[in-house]
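Structure first, commentary second.
The values are calculated or read from the model by the stated rules, or taken from the named source; none is laboratory data. Keep in mind it's a predicted model, so treat the numbers as computed, not measured. As a convention, Cβ positions derive from the backbone with ideal geometry for all residues, glycine included, and neighbour counts pool all protein chains shown. These area figures cover heavy atoms from the full protein model, side chains too; ligands, DNA and RNA do not enter into them. Shrake-Rupley method; radii C 1.70, N 1.55, O 1.52, S 1.80 Å.
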Amino acid sequence: MKNQLCIVLDFGGQYNQLIARRVRECGVYCEIRNYRTPIEEIKKLNPSGIIFTGGPNSVYDESSPHISGEIFELGIPVLGICYGCQLIAYTLGGEVKSCEKSEYGKISVTHSGGVLFKDVPQESTVWMSHTDYISRLPEGFEITAKSADCPCASYQNTDKKLYAVQFHPEVTHTEFGKNILRNFLYDVCNFKGDWVMDDFIENTVKKLREQIGDKKVILGLSGGVDSSVCAGLLSRAVRKQLTCVFVDQGLMRKDEGDFVEQTFTKLFDMNFIRVNCKDKFLKALKGVTDPEQKRKIIGTEFYSVFWEKIRQQGTDGFFAQGTIYPDRIESGRGNIAGHGSTAVIKTHHNMVKMPDDIKFEGTIEPLGDLFKDEVRAVGEKLGIPRELVWRQPFPGPGLGVRIIGEITEEKIKILQNADAVFRDEIEKSGVADSLKQYFAVLPDVRTVGVMGDHRTYDHLIAIRAVTTDDFMTADWAKIPYDILARVSNRICNEVEHVNRVVYDITSKPPGTVEWE
Ligand code: XMP
């Protein structure tokens with residue numbers, strides 16, 4: 001069964017993915033498309049609602065993204081947000097001017113009714129970010145909300161099913177933003193709310209079975225959220241036709257390799273191949289201290305081992321990847337981007353470049369339409385343990401970027417043990433949910449200490465915990481002192497060769513989250 005569709009037309013705003021996620025949280029399937037998408041293509045997609053995003057431009061600049069008025073003749077309801085709000089008014093003959101006083105941040109608005117504001121108090125707080133405003137609406141439109149400095153904070157034309165808000169309903173700072181989106185989706189567009197994860201699993205399993213038939217599928221499993229959920233879904237669909245290859249380079253956290261192996265061999269039906277190659281990695285890394293070179297060696301060794309195993313397994317059948325929707329968007333494969341050529345932000349690590357001599361019948365990306373929160377919801381429903389589904393981000397080169405200087409077996413062990421204590425204390429003390437990442441680092445530093453009557457000269461452990469929205473910037477977390485004290489005591493007592501613990505109080509920038 002095909003889901004009803006809402007389209008988010010991207011005009012270059014920074015919250016576009018967030019809009020799509022919020023729509024999906026309302027139970028409505030949603031895809032992001034470039035504002036240049038031809039009208040014929042939009043008609044073919046047959047959406048039940050369209051949302052215009054914000055954008056950094058002024059509608060009256062000729063170089064700004066514009067759209068043909070034809071889109072308003074399709075009879076499909078449209079909701080304009082911020083730039084999208086101004087664009088609808090401007091395209092249909094209204095007037096947009098530069099504000100005398102820009103509005104930025106939390107602003108109080110008062111509404112005068114209208115379907116968007118059903119169950120929203122007459123006065124509420126919204127998030128505004130604009131330097132232009134609508135000074136005159138086109139004929140047939142009415143203002144439905146205003147703020148002290150914005151005479152048209154929201155408007156509607158119920159005959160044409162056009163609605164708009166100058167503020168951002170998708171951000172949590174807008175108190176009733178979710179209600180407003182929901183009102184548009186359910187009361188204007190008449191969506192039924194058919195985007196539910198149980199159905200997703202059932203439909204995807206059916207599609208995968210049809211596509212794969214009796215062929216084989218091979219998946220590189222890292223133990224991260226995406227590849228784990230992908231493995232769970234493929235196992236549900238084709239069981240033993242699936243082979244997962246898990247390369248353990250010995251740089252994972254304490255006992256993590258064993259945990260991944262147990263999960264996928266005990267809880268799921270599949271062929272599971274674990275390649276233990278710690279020694280090969282250690283040999284290649286011997287004497288290397290430069291961070292970039294270490295990263296490069298770890299990456300090269302990983303893929304050389306991985307592709308060799310794939311060659312041994314044979315390439316008849318399909319290759320599966322845990323690509324998710326934001327990976328496709330960020331690498332320019334999601335039909336999005338406000339400005340066409342700026343689409344490719346990065347080549348994503350989930351989307352691996354295959355050597356030329358390896359040719360499969362096709363590539364399968366069962367999670368390619370999902371956001372991370374949805375991937376996690378699917379993972380939970382498939383019975384994947386919480387430790388994997390809610391796993392904090394872990395860098396591809398693993399502990400390699402957390403051991404400064406040369407990587408040795410002894411240092412890996414010290415770091416794994418210290419990191420395990422830190423994580424244990426954070427999880428026990430109930431502050432884990434407020435942190436985005438927390439881990440230990442082993443700088444190549446020894447300091448003097450005392451233990452009993454003896455002088456010691458041993459390793460220093462640094463602990464790092466951050467809060468962040470997007471990892472582009474991050475704050476060091478203000479963990480209560482009593483927790484830090486317990487962590488320090490336990491690490492010095494329980495981890496051999498550590499006599500000192502320090503807490504990293506650097507934000508990003510100027511620091512990065514990882515140390516290398
Ligand atoms: P930085 O250190 O750049 O980290 O502030 C931001 C986020 O990215 C993760 N990270 C990596 N993830 N491969 C990955 O898959 C890498 O090489 C890598 N380096 C950093 C880091 O853990 C943090 O979440």
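In order along the stretch 387-399, the phi-based Karplus estimate (6.51 cos²θ - 1.76 cosθ + 1.60, θ = phi - 60°) of 3J(HN,Hα) comes to 4, 8, 5, 9, 4, 6, x, 9, x, x, x, x, 5 Hz; Gly and Pro are listed as x.
Note on Tyr60: accessible area is roughly 90 Å² with a 1.4 Å probe, heavy atoms of protein only. Whole angstrom only: what separates the Cα centroid of the stretch 1-22 from the Cα centroid of the stretch 183-238? With the stretch 1-22 and the stretch 183-238 each reduced to a Cα centre, they are spaced 19 Å. Taking Cα atoms only, the orientation of helix 256-266 departs from the longest principal axis of the chain by about 70 degrees.
For the chain, a crude dipole built from +1 on the beta carbon of Lys and Arg and -1 on the beta carbon of Asp and Glu, taken about the Cα centre, is about 920 debye to the nearest 20. Remark: the stretch 457-516 carries a charge dipole of roughly 220 debye about the Cα centre, counting +1 on each Lys and Arg Cβ and -1 on each Asp and Glu Cβ.
One quarter of the convex hull surface, Cα atoms only: what value does that give for the stretch 5-188 in nm²? Mean orientational projected area (the stretch 5-188, Cα hull): 9.0 nm². For Thr174, the residues 5 or more places off, or on other chains, whose built amide H falls under 5 Å of its own are Trp127.
Among rounded, prolate and oblate, which fits the stretch 375-472 when a ≥ b ≥ c are the square roots of the eigenvalues of its C-alpha gyration tensor, a/c under 1.5 means rounded, and a/b larger than b/c means prolate?
Working: a/c = 2.34, a/b = 1.99, b/c = 1.18.
Note, shape of the stretch 375-472 comes out prolate.
Between Asp279 and Lys240, the modelled labels are 3.2 nm apart [label points 7 Å from Cα along Cα→Cβ]. Toward the positive end of the charge dipole of the stretch 46-192, with +1 on the Cβ of Lys and Arg and -1 on the Cβ of Asp and Glu, the farthest Cα among Leu116, Thr144, Ser102 is that of Leu116. Computed from the alpha carbon positions, the gyration tensor of the chain leads to an equivalent ellipsoid with semi-axes of 47, 30, 20 Å, biggest first.
Give me the 1.4 Å probe accessible area per residue for the stretch 408-503, excluding ligands and nucleic acids, in Å².
Numbers: 5100 Å² over 96 residues.
On a per-residue basis, the stretch 408-503 sits at 53 Å².
If the chain linking Lys428 and Asn489 were pulled fully straight, counting 0.36 nm for each residue of separation and taking away their Cα-Cα distance, it would gain 20.4 nm. When nucleic acids and ligands are ignored and a 1.4 Å probe is applied, Met451 ends up with an accessible area of around 100 Å². Are any of the pairs Lys216/Lys286; Lys2/Lys43; Lys283/Lys428; Lys215/Lys309 more than 27 Å apart by Cα-Cα distance, and if so, which? Where the Cα-Cα span goes over 27 Å, the pairs concerned are Lys216/Lys286; Lys283/Lys428.
Solvent exposure of His173, expressed as accessible area, is near 80 Å², computed with a probe of 1.4 Å over the protein chains only.
Amide H contacts of Val445 (H built 1.01 Å from N, in plane; Pro and chain starts excluded): Leu460 sit under 5 Å, all sequence-distant by 5 or more or on other chains.
Based on the mean of other Cβ atoms within 10 Å per residue, sort peptides 484-494, 361-371 so the most packed one is first.
On the way: 484-494: 16.7, 361-371: 19.6.
Averaged packing, sorted descending, gives the order 361-371, 484-494.
Magnitude of the charge dipole for the stretch 234-325, about its Cα centre and with charges confined to Cβ atoms of Lys, Arg (+1) and Asp, Glu (-1), is about 40 debye. When the Cα positions of Leu435, Phe422, Ala485 are compared along the charge dipole of the stretch 408-503, Ala485 comes out farthest toward the positive end, with charges on each C-beta of Lys, Arg, Asp and Glu. A Förster distance of 35 Å, applied to the separation of the beta-carbon atoms of Lys206 and Met472, puts the FRET efficiency at 0.35.
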